[in-house]
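**Q** This is the structure, below, for whatever I ask next.
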Amino acid sequence: MQAEADAVLGDDQPAFEHMKRLGFTRDVFREAMRLYPPVAFLARDCPAGDRLGKRDIPPGSVVMVSPWLSHRQAERWTEPHAFDPDRFGCPEGKAAMAGGYFPFSVGPRVCPGAAFALQEAVLVLAMLSRRLRFEADPAWTPVPVARLTLRSANGVQLRVFRRGGG
Ligand code: HEM
């Protein structure tokens with residue numbers, strides 16, 4: 001990400017036209033959304049009943065769909081628990097994305113802020129990584145918990161350094 005931010009942004013103010021050249025940064029964000037989807041489960045009422053794959057859904061059921069689980073399915077993803085932004089460039093990663101990747105939900109109630117969130121995240125990551133370097137604290141293990149959204153039960157501690165010293 002640092003190399004990409006240096007090459008694409010340099011000292012410029014980030015702008016929309018930089019977006020298409022920040023592909024690796026975008027894939028880092030996508031991979032973070034795969035492993036830690038902020039909305040880890042979606043609930044849907046099924047008032048009339050339905051059939052889902054091999055299962056009958058009785059009328060009045062609440063069906064829970066979990067991006068967290070689909071994003072870590074071993075049948076779909078190679079090394080599902082590994083952080084690997086490059087997976088989205090491979091045919092296998094593209095196929096997995098088409099079928100089982102939905103951090104912003106899908107269908108009629110898809111997140112209307114998805115495109116905005118993606119652009120904002122990529123620009124913020126690029127702006128941060130051109131000036132700063134982040135290190136995880138090896139003594140600190142964040143514990144993910146799904147409440148209304150996914151967060152760390154014990155916070156996230158990072159060490160932040162100015163690039164070039166300081
Ligand atoms: C990383 C950032 C974001 C993620 C992961 C995310 C994810 C989601 C998901 C999964 C849903 C569907 C929830 C459900 O149906 O149960 C949703 C709905 C929604 N999101 Fe986002 N969202 C993000 C950012 C945003 C932003 C930036 C906005 C507004 C600018 C936004 C506005 C909305 C709205 C209004 C809905 C409700 C849509 C409806 O029910 O018809 N979201 N979001």
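The values are calculated or read from the model by the stated rules, or taken from the named source; none is laboratory data. This is a predicted model, so every value here is computed, not measured. Positions of Cβ are backbone-derived with ideal geometry, glycine not excepted, and every protein chain shown enters the neighbour counts. All accessible areas refer to the heavy atoms of the entire protein, side chains included, with ligands and DNA or RNA removed. Shrake-Rupley method; radii C 1.70, N 1.55, O 1.52, S 1.80 Å.
**Q** Name the strands (runs of 3 or more DSSP E) wholly inside the stretch 64-153 in which the number of residues that are open to solvent by less than 70 Å² (accessible area, probe 1.4 Å) and either away from the ligand (no atom under 16 Å from the Cβ) or under 30 Å from Gln13 (Cα atoms) (or both) is 2 or more.
**A** Ranges flagged: 132-136.
**Q** Out of the stretch 34-46, which residues are more than 18 Å from Leu148 (Cβ to Cβ) and under 13 Å from the mean Cα position of the chain (by Cα)?
**A** Scanning the stretch 34-46 gives Arg34, Leu35.
**Q** Of the residues Phe116, Phe104, which is closer than 23 Å to Ala5 by Cβ, out of contact with any His (no Cβ under 7 Å at 6 or more places or on another chain) and hydrophobic (A, V, I, L, M, F, W, C)?
**A** So the residue among Phe116, Phe104 that is closer than 23 Å to Ala5 by Cβ, out of contact with any His (no Cβ under 7 Å at 6 or more places or on another chain) and hydrophobic (A, V, I, L, M, F, W, C) is Phe116.
**Q** To continue, here is another question. Could you give every pair whose Cβ atoms fall below 7 Å, whose first residue belongs to the stretch 138-160 and is within 18 Å of Ala43 (Cβ to Cβ), and whose second residue is surrounded by fewer than 10 Cβ atoms within 10 Å (Cβ to Cβ), counting only separations of at least 6 or pairs across chains?
**A** Every condition considered, the pairs that remain are Val145/Ala153.
**Q** Which of the following residues is closer than 22 Å to Val110 by Cβ and either of a type outside the set (Ser, Thr, Tyr) or exposed (fewer than 11 other Cβ atoms within 10 Å of the Cβ) (or both): Leu22, Leu35? Outline the logic, then answer.
**A** Details: Leu22 fails: closer than 22 Å to Val110 by Cβ.
Unique residue meeting the criteria: Leu35.
So that you can scan it fast, the table gives a plain yes or no per residue for (1) more than 16 Å from the ligand (Cβ to nearest atom); (2) more than 22 Å from the chain's Cα centre (by Cα); (3) at pLDDT below 95:
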site	(1), (2), (3)
Glu4	yes, no, no
Asp27	no, no, no
Ala32	no, no, no
Ala48	yes, yes, no
